1. Residue 42 is checked against (1) at pLDDT 95 or above; (2) surrounded by fewer than 17 Cβ atoms within 10 Å (Cβ to Cβ); (3) not polar (S, T, N, Q) and fails just one. What number does that condition carry?
2. Looking at (1) at pLDDT below 95; (2) within 24 Å of the chain's Cα centre (by Cα), which is the one condition that is false for residue 68?
3. Have a look at 152, 139, 203 and point out the one that is surrounded by fewer than 13 Cβ atoms within 10 Å (Cβ to Cβ) and more than 25 Å from residue 70 (Cβ to Cβ).
4. Just checking, which of 230, 261, 195, 191 is closer than 21 Å to residue 50 by Cα and modelled with pLDDT under 95?
5. So, residue 313, is that one surrounded by fewer than 20 Cβ atoms within 10 Å (Cβ to Cβ) and either among the small types (Gly, Ala, Ser) or assigned to a loop (DSSP other than H, G, I, E, B) (or both) or not?
6. From 184, 162, which residue is aromatic (Phe, Trp, Tyr) and touching a helix residue (DSSP H, G or I) at 6+ places or on another chain (Cβ under 9 Å)?
7. Pull up the range 304-352, narrow it to residues that are among the polar types (S, T, N, Q) and under 21 Å from residue 69 (Cβ atoms), then point me to the one that is modelled with the lowest pLDDT.
8. Where the second residue is of a type in the set (D, E, K, R) and surrounded by fewer than 24 Cβ atoms within 10 Å (Cβ to Cβ) and the first is within 16 Å of residue 216 (Cβ to Cβ) and lies in the range 139-160, which pairs have Cβ atoms under 6 Å and are six or more apart or on separate chains?
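The values are calculated or read from the model by the stated rules, or taken from the named source; none is laboratory data. Treat the numbers as computed from the prediction; the structure is a model and nothing was measured. With ideal geometry, Cβ positions are generated from the backbone for all residues, glycine too; neighbour counts draw on all protein chains shown.
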Amino acid sequence: MSLRDRLAAEITQTGPMTVAQYMTACLHDPDFGYYATRPALGEDGDFITAPLISQMFGELIGVWAISAWRAMGAPEAFVLVEIGPGDGTLMSDLLRAGQLSSAFLAAADVWLVETSAPLAARQRERLGDAVRWTTTLNEVPGGLPILLIANELLDCLPARQFLRTVTGWAEQVVGLDKNGALGFRLVPASDDLPDARDGVVLERSGPQEALGAALGERLGRDGGAALLIDYGRSEPGFGDTLQALRRHEKVDPLACPGQADLTVHADFPAVMAAARTTGALAAILTQAAFLARLGIGERAEALVRARPDKAALIGRQLNRLVGGDQMGQLFKACCLYSPGWTPPAFEDAVEP
């Protein structure tokens, strides 16, 4: 039985499922889920992330981590965590940049939080004994300051979708059409939702908000910062952002359950608001501004000097990371942090 057949059987028995429930099944079903069985990253896979575009990205995250550790007072021991670490490239590049400070590396207890067995295996091949693994943030030891990185994690956390109709809000759910195929339909919504014009779509991600709250609580308890980088909005808004990627092409989200990567835009305002309810502080920049403040232009120039034959390639990589029509504006760098200090690069980006 395929995942599509399993979902159809479940809908027949219990009724339509929310978009969030559908996303969760497509991504994490233990037998057929995309991340559980076949995550395909890179140029030859289904999608590519910033660490795979250029070593500059992970190296500058490493520079940021060292600077943040120093801004915290250079604690003799702290926890360095990455959630959703892909194939391990970002952490590998981060730790290589960490060699700029032997004290930083000596103080760091490095953990990866990964739920995908295939990806964890690739991370182990790349990183060996340099890190430890767990499947939940709760299992990462507490009691020490934390520096946490999450690149393109929020977009994988499922969201429900609501459509404003002439009679009020309705929730978009996944059901079956008359031929038994998966299809979207509307059901009455009982949620407390804001006023809006007819025809707009509102997305709400409980898991994104829950992560913001959990990080805020951890930061309030132990101190430190969480750096969340993803594509999404920096201000509250509307829009249908559900998409499925397969071999770098957008496909119908209902066409091939479990065989494509399903995402929604990160709702940074909701994540930051959830973190603030616990007493944490928050700041946000575009990815272009964040990387520029860390010196990506100078790093690109240094790479060109070392490898002039790669100048054109490095230029394309730089543009893809910071270009306004590439990742530079759509992607945001959000920092949640404990009171009493401000992480590097975010000094004038604090949200009220």
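1. (1)
2. Looking at each condition in turn, residue 68 falls short on (1).
3. So the residue among 152, 139, 203 that is surrounded by fewer than 13 Cβ atoms within 10 Å (Cβ to Cβ) and more than 25 Å from residue 70 (Cβ to Cβ) is 139.
4. Result: 261 is the single residue among 230, 261, 195, 191 that is closer than 21 Å to residue 50 by Cα and modelled with pLDDT under 95.
5. no
6. 184
7. Taking the candidates together, the pick is 342.
8. Final answer for the pair search is 142/222; 145/222; 146/222.
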